[in-house]
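Let me begin by presenting the structure, written as structure tokens, before commenting on it.
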Amino acid sequence: GLIINKKQIEKNLAHHGPFAATEVVLMQAVKRGANRQEIHEVIRRNSMKAYEAMQETDTNPLLSLLQKDTRITEFIPRGEIAKLLDPSKHIGITSKFCDRILSQLRK
């Protein structure tokens, strides 16, 4: 009776996934010379703004907020921020694991 709604999963990943991916942005900025504590605070504040905005709309503005913040773009180009926040880059082997479980369940 398990129902998997792929569209809803994609929507959830697009909606909430960027928050989970901010650690990668933080680490890339630090590798390029940013102060970890300062960048952490910049990301935290932008994340809070994005979360507040999400209470009113159905979209997550975190990518846009980070791309507009010069304290981030000083270390990471705007286009690269989008790639770093892409939720599909953070799921590892999850899809293979799910396929294996589903295959076993079908038997």
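The values are calculated or read from the model by the stated rules, or taken from the named source; none is laboratory data. Predicted model, so just to flag it, every value in this text is computed and none were measured. Cβ coordinates were reconstructed from backbone atoms using ideal geometry, including for glycine residues, and neighbour counts include every protein chain displayed. Side chains are part of the model used for accessible areas, which takes the heavy atoms of the whole protein and leaves out ligands, DNA and RNA. Shrake-Rupley method; radii C 1.70, N 1.55, O 1.52, S 1.80 Å.
Quick notes
- When restricted to residues that are open to solvent by less than 100 Å² (accessible area, probe 1.4 Å) and of a type in the set (Asp, Glu), the stretch 70-98 contains 2.
Residue by residue, here is whether (1) surrounded by fewer than 18 Cβ atoms within 10 Å (Cβ to Cβ); (2) among the aromatic types (Phe, Trp, Tyr); (3) touching a residue at least 60 places away in the same chain (Cβ under 8 Å) holds:
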| residue | (1), (2), (3) |
| --- | --- |
| Ile3 | yes, no, no |
| Ile9 | yes, no, no |
| Pro18 | no, no, yes |
| Val25 | no, no, yes |
| Arg36 | yes, no, no |
| His40 | yes, no, no |
| Asn46 | no, no, no |
| Asp58 | yes, no, no |
| Lys68 | yes, no, no |
